[in-house]
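What follows is a short report on a single structure.
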Amino acid sequence: MKRLTILIAALCSLAAAKAEVKLPKIFGDNMVLQQQTACNLWGTADAGKVVRVTTSWDKKEYKVRSAHDGSWKLQVQTPVAGGPYTITFSDGKETQLKNILIGEVWICSGQSNMEMQMKGFKAQPVEGANEELLQCNDSNLRLLYVKRTAQFKPQSDIKAGAWKVADAASVRDFSATAYYFGRALRRTLGVPVGLICTAFGGSACEAWMKADWLRAFPQVKQTITEDDVKKLNQRCPTALYNGQLFPLIGYTMRGVLWYQGEDNVPRYSYYAELLKSMVEGWRSEWKQGDFPFYYCQIAPYDYSLVNWKDSQYLREQQQKAEEIIPNARMAVLLDAGLEYGIHPRKKREAGERLAMLALSNTYDVKGLPDYAKYSSVEFHGDTAVVAFDRSKEWVYFNGGPKGKGFEIAGSDRVFHPAEAWVQRNRVYVKSDAVKAPVAVRYGFHDWTDGDLMHDGLPVSSFRTDNW
């Protein structure tokens, strides 16, 4: 009889343990939920069981019955920014998430320059990191870093990761670009901010895309095997979509930050359309409409050091992408590169420039500067006159009255270094070696130190020809 009692107790204990609601790792203590919206929550429980979810901010209880495979999903209505709160889940046994904030959530993705932590890489520091770590404590800034993993099939959960409150320890190991973005939003908006960084150094754009989206690009290998994933890892098409993006899809957020492109330099010719397809795919799967997509133009670097060249054409493709992707804008980093290093130290510039785009275009904050953009050129005798859009504050050269990055060519298509000067919002360009110019280029090399500015922000490299 005693053994039977013990067995029954054990079975009851096992049933209770089995009944406990299970949540993916992206839902946890310290997380941030997007404010004033219907936020998606999901997980697993016993098949056919009723899952009860109670939110402390309004004491409301939500119910959903789990499917035959135990999966369930529901939406909870979030209030204006605030907290901390709790969410309680129950399927016979309670699970409670604590210290939850309601605020603004952003997904931050890309390759090594998005992944690059505040502590930097080995012998590759982030400028100003030590000073920032002394003052980065912020209980209203929360960080989730998704561990790297390339996978052959879509994963139901991230490999590892947990929400952390911003302090020296968590910020040191988090994306510097994303952190500076979040810090700027915190200071300007005064609401909690949650950042989810899912990035992988050296990753190809194709790796972040579903196979269906890549069929329009015959240049990309269409049949992927498990061996391909093992061999190519973060450069394998679909592998990071499967491992690092799919588990996040549906987490209700405000928008996406993207810093990637270096790996696609050798395949620059179709990058704009590739990025457009990726963004369309992400938006389709997230089901949040045309959410904001802000991205960094890759910074100048001497690509001959890795036996590559012509990254200026990839930058040009990134500029084109801004024109063909709705609700997308590009942060220019032409003045923030590192000639001998593919990982620029100026991550504050990258993060804050992304923040300026978000604050101006998503949050309608007035008074912030914008990027001037090449629009047209006219030729008057031996002089080219270059005009710009979005240049009401007029362009200027950062190093003095004359610029150093301009070249000019005649009908022979041979470019020569040119003298350049500014009058109002026009740049005048000429060279004694070119009597009848037909084309102008600015900063159109792998490495350049951009000095053409507008309202404190650099102008992108450009060319007026299509040679």
inquiry  = Report D for segment 414-467 in µm² per second (integer): Stokes-Einstein, Kirkwood Rh on Cα pairs, 10 °C, 1.306 mPa s.
reply    = 128
Equivalent ellipsoid semi-axes, segment 352-467, via Cα gyration tensor eigenvalues times 5, rooted, Å = 28, 13, 13
inquiry  = For segment 88-235, report the % of Cα-Cα distances exceeding 26 Å.
reply    = 38
note = Per 10 angstrom bin, beginning at 0 and ending with the bin that holds the maximum distance, the Cα pairs of segment 170-279 fall in percents of 12, 41, 31, 14, 3
Rounded, prolate or oblate (a/c below 1.5 giving rounded, otherwise prolate when a/b exceeds b/c) for segment 193-238 by Cα gyration tensor = oblate
query = How large is ³J(HN,Hα) for each residue in segment 294-309, as worked out from phi by the Karplus curve 6.51 cos²θ - 1.76 cosθ + 1.60 (θ = phi - 60°), to whole Hz, x for Gly and Pro?
reply = 10, 9, 8, 6, 4, 7, x, 6, 7, 5, 5, 5, 10, 6, 10, 7
key: Gap separating the Cα centres of segment 428-467 and segment 149-178, nearest whole Å   = 40
task = Would you mind checking the radius of gyration and Dmax of segment 134-216 based on alpha-carbon positions, in Å?
result = 15.4, 49
Cβ-based charge dipole, the chain, positive-most Cα from W258, S284, V165 = V165
task = Go through segment 51-62 residue by residue and turn each phi into a ³J(HN,Hα) via Karplus (6.51, -1.76, 1.60, θ = phi - 60°); whole Hz please, and just put x for glycine and proline.
result = 9, 10, 10, 10, 9, 6, 6, 9, 6, 8, 10, 10
message = How large a share of the accessible area of the chain, in percent, is made up of carbon and sulfur atoms when the probe is 1.4 Å and the other protein chains stay in place?
response = 49
inquiry  = Using C-alpha positions alone, give me the convex hull volume of the chain per residue in cubic angstrom.
reply    = 170
inquiry  = With N set to the number of residues, divide the alpha-carbon radius of gyration of segment 281-387 by 2.2 N^0.38 Å and report two decimals.
reply    = 1.28
ask   = In the structure shown, do any of K119/K366; K147/K347; K98/K164; K63/K147; K63/K98 have a Cα-Cα gap over 23 Å, and if so which?
value = K119/K366; K63/K147
task = Find the centroid of the Cα atoms in segment 295-324 and in segment 46-80, then give the distance between the two in whole Å.
result = 46
key: Tensor-based shape of segment 319-368 (alpha-carbon gyration tensor, a/c under 1.5 rounded, otherwise prolate or oblate)   = oblate
ask   = Roughly how many Å² is the accessible area per residue of the chain, as a whole number, for a 1.4 Å probe?
value = 43
ask   = Counting each DSSP H run of 4 or more residues in the chain as -39500 (n - 2.57), what helix-only mean residue ellipticity at 222 nm follows after dividing by all residues, to the nearest 500 deg cm²/dmol?
value = -6500 deg cm²/dmol
In order through segment 451-467: 3J(HN,Hα) via Karplus (6.51 cos²θ - 1.76 cosθ + 1.60), integer Hz, x for Gly, Pro = 10, 8, 10, 8, 6, x, 10, x, 8, 5, 4, 7, 9, 9, 9, 10, 6
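The values are calculated or read from the model by the stated rules, or taken from the named source; none is laboratory data. What you are looking at is a predicted structure, and each value in this text was computed from that prediction instead of being measured. Neighbour counts are summed over all protein chains in view; Cβ atoms, including those assigned to glycine, are modelled from backbone coordinates with ideal geometry. Calculation scope for accessible area: heavy atoms of the full protein, side chains included, ligands and nucleic acids excluded. Shrake-Rupley method; radii C 1.70, N 1.55, O 1.52, S 1.80 Å.
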